[in-house]
Amino acid sequence: MKGFPEDFLWGGAVAANQVEGAYLEDGKGLTTVDLLPQGERRFEIMLGDLKGFTPDPDTFYPSHEGIDFYHTYKEDIALFAEMGFKALRLSIAWTRIFPTGEESEPNEAGLAFYDSVFDELRKYNIEPVVTMAHFDVPVALVEKYGGWRDRKLVELFETYAKTILTRYKDKVRYWMTFNEINMLLHLPYIGAGLVFKEGENKKKIQYQAAHHQLVASALAVKACHEIIPNAMCGCMLAAGATYPYTPDPEDVWDAVQKDRDTFFFIDVQARGAYPGYAKRMLREQGLFPDMEPGDEDILEAHTVDYLGFSYYSSRATSTDPEVNAQAAQGNVFGSVPNPYLKSSEWGWAIDPKGLRITANQLYERYQKPLFIVENGLGAVDQPTDDFVVEDDYRIAYLQAHVKEMKEAILDGVELLGYTSWGPIDLVSASTGEMKKRYGYIYVDRNNDGSGSLKRAKKKSFAWYKQVIETNGEDLSEGGQSI
Ligand code: BG6
């Protein structure tokens with residue numbers, strides 16, 4: 001292998017609730033993210049502290065309009081095609097198909113919308129890579145069942161998965177079940193629609209919800225294989241290797257344990273069973289989830305075909321309380337600052353080499369094809385009055401990561417593709433801001449919802465086009481090689 005394979009899937013990734021808007025249009029129901037405002041309160045809710053199930057008329061909810069992709073998908077996809085995209089990762093909003101999650105018949109208008117999106121992609125030979133649930137639980141199911149804590153969601157999700165697999169069987173070959181499934185341990189509301197009452201054992205509920213999602217994921221893989229035999233169905237994790245802060249064996253062991261919070265999910269989804277270390281931890285801490293007879297067989301029989309993962313940064317961990325005290329607030333993985341790395345404006349460590357390390361680690365552990373389905377730099381852009389954005393910082397970040405990705409391929413890692421996050425500016429999942437931009441395409445929309453929604457190509461647009469055109473061979477920018 002000399003570099004990127006000929007059929008490498010270059011492209012970008014978005015999620016329904018971060019781009020579509022039209023939050024109640026054509027029969028769509030409310031989804032969990034539709035109750036997330038910007039600011040401090042957003043984070044508290046994401047941790048499971050939700051007070052009511054209807055939007056407050058005086059509060060601004062960024063997902064309600066998103067970047068209006070629901071109405072602009074044709075022009076946005078044309079821009080992706082101009083960059084030469086081979087793939088677009090996107091998610092289907094569960095609540096467009098089943099507005100409350102429990103209807104006996106799907107919502108035809110919702111199904112028709114994604115038909116049009118997939119047709120538009122096919123027009124340009126862009127492969128859709130579809131996530132079934134990207135931080136997306138119908139609010140009605142949160143209110144009635146408490147989200148994924150209830151077994152009922154397994155059955156409802158299976159119906160939803162079968163519905164979309166059947167409908168799009170001739171249009172979609174790459175599927176993924178849950179976005180960043182491990183996120184439910186860190187942000188339980190967006191990961192699994194969990195809202196906690198006072199005094200509840202949160203960890204126990206989280207692992208119960210995790211079990212339900214794992215079974216639901218395996219059933220979706222089963223359905224995918226039955227309905228679309230030539231499709232690939234994958235899982236998706238928020239990845240990033242954990243480094244020990246020092247060579248102290250206590251720190252090293254702590255890093256092993258932290259990585260296992262992530263591996264736990266993929267060990268089940270890719271290997272088909274709860275690993276020994278997880279069984280021990282769950283038993284010793286009184287967290288073992290209730291299982292139904294047959295669950296273990298389902299998990300064993302229906303493992304994923306590939307591993308999708310997001311990579312933004314590596315993590316660092318320490319057992320020293322003084323070092324731990326420096327862990328940035330709002331950092332969901334509790335990572336301590338790594339003195340060897342610079343950080344983004346949002347405090348995320350920038351570590352291209354970590355991508356190579358993570359990819360190697362995952363491939364050695366699972367021996368299944370990998371797909372980097374998210375990576376990118378969230379940064380503040382300074383557009384001129386006519387929306388020119390010179391985003392050299394973004395190009396530098398992506399260059400360095402693509403270079404390490406190539407190294408991983410040369411190391412022997414089997415990689416299906418690379419869909420960088422937010423090829424068009426979109427609503428930030430963690431903060432709800434528009435200011436945190438990832439795109440090659442600028443969207444004129446501000447944090448408060450003002451702006452014309454006009455699209456404009458940034459400098460990175462031409463750079464990524466050239467990367468795709470040369471199949472990752474020419475990463476230079478303005479004649480300057482790295
Ligand atoms: C991942 C999510 O966690 O990171 C995306 O799958 C998210 O939904 C992305 O947008 C970047 O995070 P943020 O908070 O900068 O939007």
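At-a-glance table
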quantity	calculated
Test result for G294, within 16 Å of the ligand (Cβ to nearest atom), loosely packed, with under 14 Cβ neighbours inside 10 Å and without any contact (Cβ under 8 Å) to a residue 24 or more places away in the chain	no
Enumeration of residues in region 302-329 that are within 16 Å of the ligand (Cβ to nearest atom) and among the hydroxyl-bearing types (S, T, Y)	S310, Y311, Y312, S313, S314
Test: residue in region 42-59 that is assigned to a loop (DSSP other than H, G, I, E, B), more than 24 Å from L111 (Cβ to Cβ) and under 20 Å from the mean Cα position of the chain (by Cα)	yes
Selection status of K403, within 16 Å of the ligand (Cβ to nearest atom) and either surrounded by fewer than 20 Cβ atoms within 10 Å (Cβ to Cβ) or not in a loop (DSSP other than H, G, I, E, B) (or both)	no
Close pairs (6 angstrom Cβ cut-off, 6 or more residues apart or separate chains): assigned to a strand (DSSP E or B) in region 354-378, among the charged types (D, E, K, R) and buried (at least 24 other Cβ atoms within 10 Å of the Cβ) anywhere	V373/R89
Selection status of Y418, away from the ligand (no atom under 16 Å from the Cβ), buried (at least 16 other Cβ atoms within 10 Å of the Cβ), modelled with pLDDT of 95 or more and outside any helix (DSSP H, G or I)	no
Residue in region 323-346 that is modelled with pLDDT of 95 or more, in contact with a helix residue (DSSP H, G or I) (Cβ under 8 Å, 6 or more places away or on another chain) and among the β-branched types (V, I, T) present	no
Residues (touching a Lys or Arg at 6+ places or on another chain (Cβ under 6 Å) and among the small types (G, A, S)) located in region 98-131	G110
Extreme residue, surrounded by the fewest Cβ atoms within 10 Å (Cβ to Cβ), among residues of region 320-349 that are in contact with a Ser or Thr (Cβ under 6 Å, 6 or more places away or on another chain) and part of a loop (DSSP other than H, G, I, E, B)	W348
Condition broken by V380, with the remaining ones in (1) within 16 Å of the ligand (Cβ to nearest atom); (2) among the aliphatic types (A, V, I, L, M); (3) surrounded by 23 or more Cβ atoms within 10 Å (Cβ to Cβ) satisfied	(3)
Which numbered condition T262 fails, given (1) within 16 Å of the ligand (Cβ to nearest atom); (2) without any contact (Cβ under 8 Å) to a residue 60 or more places away in the chain; (3) of a type in the set (S, T, N, Q)	(2)
Condition met for A456 (in a strand (DSSP E or B) and either on the phi > 0 side of the Ramachandran plot or modelled with pLDDT of 95 or more (or both))	yes
Selected residue [at pLDDT 95 or above and surrounded by fewer than 23 Cβ atoms within 10 Å (Cβ to Cβ)] from D448, D425	D448
Any pair with Cβ under 7 angstrom, 6 or more apart, that starts in region 306-327 at a residue that is more than 30 Å from G12 (Cα to Cα) and ends at one that is away from the ligand (no atom under 15 Å from the Cβ) and of a type in the set (A, V, I, L, M)	T317/A255; T317/V336; S318/V336; V323/V336; N324/V336; Q326/V336; A327/V336
Selection within region 430-451 - within 15 Å of the ligand (Cβ to nearest atom) and either out of contact with any Asp or Glu (no Cβ under 9 Å at 6 or more places or on another chain) or within 17 Å of T72 (Cα to Cα) (or both)	S430, T431, G432, E433, G439, V443, R445
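The values are calculated or read from the model by the stated rules, or taken from the named source; none is laboratory data. Because the structure is predicted, anything quoted here is derived from the model rather than measured. All Cβ positions, glycine included, derive from the backbone under ideal geometry; neighbour counts span all protein chains shown.
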